[in-house]
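**Student:** Pasting a structure below so you can have a look.
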2 protein chains.
Amino acid sequence: MSATIKDVARIAKVSPSTVSRVIADSPRISKETKLKVEQAIKELNYHPNIIARSLANRSTKIIGLIIPNTSEDLFKNPFFIQIMTGISIYAQKKGYYIMYSYSKKENEEIKFLKNYSNSKLVDGFILLTSKKDDKCIEFLKKNNYPFVVVGRPEDTNKVLWVDNDNFKAMYEVVDTLIQKGHSSIAFIGGPKQFNMSKDRLEGYKKALEVHGICIDNKMIEQEVNFTESCGFDAMNRILNYKIPSAVVTTDDLLAFGALKAINERIDQKIAIVGFNNTPLAVYQNPPLSSVDINAEELGYNAAKLLIGKLENELLSTNHYIVDTKFIERESTI
Amino acid sequence: MSATIKDVARIAKVSPSTVSRVIADSPRISKETKLKVEQAIKELNYHPNIIARSLANRSTKIIGLIIPNTSEDLFKNPFFIQIMTGISIYAQKKGYYIMYSYSKKENEEIKFLKNYSNSKLVDGFILLTSKKDDKCIEFLKKNNYPFVVVGRPEDTNKVLWVDNDNFKAMYEVVDTLIQKGHSSIAFIGGPKQFNMSKDRLEGYKKALEVHGICIDNKMIEQEVNFTESCGFDAMNRILNYKIPSAVVTTDDLLAFGALKAINERIDQKIAIVGFNNTPLAVYQNPPLSSVDINAEELGYNAAKLLIGKLENELLSTNHYIVDTKFIERESTI
DNA sequence: TTAATTTGTGCAATCGATTGCACAAATGCA
DNA sequence: TGCATTTGTGCAATCGATTGCACAAATTAA
């Protein structure tokens, strides 16, 4: 068995309390005692038992990650793993641990949430997506459990969140296209249960409006699931109606599908823009322009907000907006 | 504050030990007492504190995941997140929790490992890759800590591991190509510090040998990092030497790069095969044939092995071999 | 009817830390 | 020198569970 605080105390000829204080770097410990204890710690290769400490502290320093099962592109989109690394990097810095759980079954996230919080296993949560009427958010709010949402929630009041400025990001994309002379621009977007989808659509509309271009609802495909085949179908519906000079999408996967439809049916070039800048955007034919959303920084900031809250820091803000960057490639040249 | 076992005991008019026994479903509790206690539990919405339980049990039911930082394709290859979901699914079934940690710095995995194990935070580990002379494996073996390795380790003796049969998988690919009439087949493979790379190369060589085709070392590019640009460069080196009729690679990313080189330089068609069957293989031009390695099942089995070990089951085997499947697409037609 | 066994429950120690409070020794101040 | 204050350490309770052991009551056997 490995050494406990009592063993250290015995070797250093002090009490366990003193050892504890040395570890916590309490100012009331004399230099000599501190040295003695530190030597004993080294000698025994002692490491505090985190579980015992957690029990005494009523805090585990564990963050729970709720990964949505609805996101069909979990595997195709590096978004989640990027967020997860961002979270991990900040958490490490602050000595926090991360727990995750994933389920294929619909709406099982709430089960984890309850299990983790009821059993006092985690100090707080990060939700990797926020849907409309999210049961998880509801539960966490009701129980006053600390949490951060990735993606702007319905009700931003008293909720901590991180997101991009999706309105602005899409506005800029469409604005750039218009500047290049495009005036017939189609839109393929995801389910409206995500604010992100709505915001990007609004950005699109606003840009058209500002430039005095009429919004044609038949050029707008909404509520499209984030899969290539749905993007493919949506693009075909648009092409059946009219051939646009450009298409913007709210996800690279949609763009991949759309590109396929275009390549199959149309000879002339249609400008196309993805979103999220997945690593393989550059390997499309033509290489796909896309908007980098900086997912890792989203995760990093989410962890920052949550840990700040957990440590009772005076938070200067309840959210972070992470910059996006429109990466132009051949698909818009 | 939420209810503790003492509160339940008080309400049910029994001792905490009895409550504990009811929860553990001990056979020595009478039906009436059990009912009383269960009612009290419901009434108070009591949930056992996992931390306290862990302390008493000297076991946390937490599994630690060591994610390699060397894998440059962490974001590009869904391999890791697929493994992670497989692990999660089995762990949930068995009531285990999962902790992960990721660092960008070289060789920091061992730090987590030591931290997690010394502080008794996790019961065991799953290493998501195994390199040659892996410090982590060394440490875990020395300290007799339970762990499972994804990917066959150097020394399979007394180590639990899961892997595909990489030799066989590549053998079959090359065999299939030869059956189709190819005889000039190039090979682009990853670093030899991974057994997987070596096995796939051996499978390639064996298939050639069996069919009486000479092995031409100039057609073999080894030690290529798992990036598209390295694949691109490797392919160009091969093309500088000779134009093969087919190319096999040990990773889709390498294949993507190789494909690009081919498309840029050569008019004639060269058959090409990737590995790992990433979701976007199908979106290459032409759609890329690849080998599906069933990463989720690798993860699932890794968790199974580890948890079996942790629960002192008599393990019938120290490893699992997960089936692969050669998915043929246009790139080999 | 009595002794032996089984059944059901509680006591108290334990897991390995933290921390408020008490108190002796050392120091400061007049 | 004498008293007040500061400094450094230990005692013991606590966090919230689990579990070996003891033992009374109920049951069975003789």
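**Student:** Filter the stretch B:25-52 down to residues that are small (Gly, Ala, Ser) and closer than 25 Å to A:Leu113 by Cβ and give me whichever is surrounded by the fewest Cβ atoms within 10 Å (Cβ to Cβ).
**Tutor:** B:Ala52
Residue by residue, here is whether (1) crowded, with 24+ Cβ neighbours inside 10 Å; (2) in contact with a His (Cβ under 9 Å, 6 or more places away or on another chain); (3) farther than 25 Å from A:Ile83 by Cβ holds:
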| site | (1), (2), (3) |
| --- | --- |
| A:Asn236 | no, no, yes |
| A:Lys242 | no, no, yes |
| A:Ser245 | no, yes, yes |
| A:Thr249 | yes, no, no |
| A:Leu253 | yes, no, no |
| A:Asn263 | no, no, yes |
| A:Val273 | yes, no, no |
| A:Gly299 | yes, no, no |
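**Student:** Only residues that are surrounded by fewer than 13 Cβ atoms within 10 Å (Cβ to Cβ) and under 20 Å from A:Met196 (Cα atoms): list them for the stretch A:216-225, please.
**Tutor:** Once the filter is applied, which keeps residues that are surrounded by fewer than 13 Cβ atoms within 10 Å (Cβ to Cβ) and under 20 Å from A:Met196 (Cα atoms), the stretch A:216-225 yields A:Asn217, A:Glu223.
**Student:** Identify the single condition in (1) among the acidic types (Asp, Glu); (2) over 24 Å from the mean Cα position of the chain (by Cα); (3) farther than 22 Å from A:Phe256 by Cβ that A:Glu221 does not satisfy, given that it satisfies every other one.
**Tutor:** Exception for A:Glu221: condition (3).
**Student:** Looking at the stretch B:1-45, which of the residues that are of a type in the set (Val, Ile, Thr) and assigned to a loop (DSSP other than H, G, I, E, B) is nearest to the other protein chains (Cβ to nearest Cβ)?
**Tutor:** For the stretch B:1-45, the residue satisfying everything is B:Thr4.
**Student:** If we scan the stretch B:70-93, do we find a residue that is within 16 Å of DNA strand C (Cβ to nearest atom) and among the basic types (Lys, Arg)? Step through it out loud before you land on a result.
**Tutor:** Restricting attention to the stretch B:70-93, the residues satisfying the condition of being within 16 Å of DNA strand C (Cβ to nearest atom) are none.
Within the stretch B:70-93, none of the residues are within 16 Å of DNA strand C (Cβ to nearest atom) and among the basic types (Lys, Arg).
**Student:** Right, something else. Restricting to the stretch B:25-64, give me the number of residues that are at pLDDT below 95 and within 30 Å of B:Gly190 (Cα to Cα).
**Tutor:** 0
**Student:** Report yes if A:Asp199 is in contact (Cβ under 8 Å) with a residue 24 or more places away in the chain, of a type in the set (Asp, Glu) and in contact with a Gly (Cβ under 7 Å, 6 or more places away or on another chain), otherwise no.
**Tutor:** no
**Student:** Do you know which residues across the stretch A:81-103 are of a type in the set (Ser, Thr, Tyr), surrounded by 20 or more Cβ atoms within 10 Å (Cβ to Cβ) and farther than 19 Å from B:Lys111 by Cβ?
**Tutor:** Selection gives A:Tyr100, A:Ser101, A:Tyr102.
**Student:** Further, regarding this structure: Determine if the stretch A:29-43 includes at least one residue that is within 10 Å of DNA strand C (Cβ to nearest atom) and within 27 Å of B:Ile51 (Cβ to Cβ).
**Tutor:** no
**Student:** Within the bounds of the stretch B:67-79, is there any residue that is within 8 Å of DNA strand D (Cβ to nearest atom), in a loop (DSSP other than H, G, I, E, B) and either of a type in the set (Asp, Glu) or outside the structural domain of B:Gly151 (by TED's automatic domain parsing) (or both)?
**Tutor:** So far as the stretch B:67-79 goes, no, none of its residues is within 8 Å of DNA strand D (Cβ to nearest atom), in a loop (DSSP other than H, G, I, E, B) and either of a type in the set (Asp, Glu) or outside the structural domain of B:Gly151 (by TED's automatic domain parsing) (or both).
**Student:** Please go through (1) more than 9 Å from DNA strand D (Cβ to nearest atom); (2) under 25 Å from B:Lys309 (Cα atoms) for B:Glu38 and return the number of the only condition it doesn't satisfy.
**Tutor:** B:Glu38 satisfies all of (1) more than 9 Å from DNA strand D (Cβ to nearest atom); (2) under 25 Å from B:Lys309 (Cα atoms) except (2).
**Student:** Mind listing whichever residues of the stretch B:46-66 are within 10 Å of DNA strand D (Cβ to nearest atom) and either out of contact with any strand residue (DSSP E or B) (no Cβ under 9 Å at 6 or more places or on another chain) or assigned to a loop (DSSP other than H, G, I, E, B) (or both)? Full working, then the answer.
**Tutor:** From the stretch B:46-66, those within 10 Å of DNA strand D (Cβ to nearest atom) are B:46-59; that's our starting set.
Passing the criteria: B:Tyr46, B:His47, B:Pro48, B:Asn49, B:Ile51, B:Ala52, B:Arg53, B:Leu55, B:Ala56, B:Asn57, B:Arg58, B:Ser59.
The values are calculated or read from the model by the stated rules, or taken from the named source; none is laboratory data. Since the model is a prediction, treat every value here as computed from it, not as a measurement. Positions of Cβ are generated from backbone atoms using ideal geometry, with glycine treated the same way; all protein chains shown enter the neighbour counts.
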